[in-house]
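The values are calculated or read from the model by the stated rules, or taken from the named source; none is laboratory data. Keep in mind it's a predicted model, so treat the numbers as computed, not measured. Here the Cβ positions follow ideal geometry from the backbone for every residue, glycine too, while neighbour counts run over all protein chains shown.
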Amino acid sequence: MTIALPLLAFTAFLTPLNHQTLVQSMDVLIWGLIIYVILIVTMPFLYGRYDKDQRDVLGVLTAFGSTTFFGMPIAGAVYGAKGDNVCFRFQYWLTCLLVLLRLHQNVRGAATR
């Protein structure tokens, strides 16, 4: 797991870059950000009967799910290298948000010590 996932991300960069691929990548990055923001905002309302903390956690889990383990291999099997590239670029925002969350936890943990 610790070797396979970084290598999967690395291999997504190993494709030729031309103008069409660059434009498509930017489109996917923008749509990925828009979709993630919409899901983050709307998913907690789906779990209205739970308390706020549980609602937030369930909303984030529903918004992000496990697309790395389920979605990317399926897209790669169906669409080949192009599917892997699109999935990686869509996942870019998830990776950024997870890194920021981890940094926030580290800073908050250091402040309470």
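Restricted to region 18-44, and to residues there that are hydroxyl-bearing (Ser, Thr, Tyr) and within 15 Å of residue 93 (Cα to Cα), the residue that is surrounded by the most Cβ atoms within 10 Å (Cβ to Cβ) is 36. A count restricted to region 46-81 and to residues that are in contact (Cβ under 8 Å) with a residue 12 or more places away in the chain and either surrounded by fewer than 14 Cβ atoms within 10 Å (Cβ to Cβ) or part of a helix (DSSP H, G or I) (or both) stands at 12. Being surrounded by fewer than 16 Cβ atoms within 10 Å (Cβ to Cβ), at pLDDT below 80, aliphatic (A, V, I, L, M) and out of contact with any strand residue (DSSP E or B) (no Cβ under 7 Å at 6 or more places or on another chain) is not true of residue 86.
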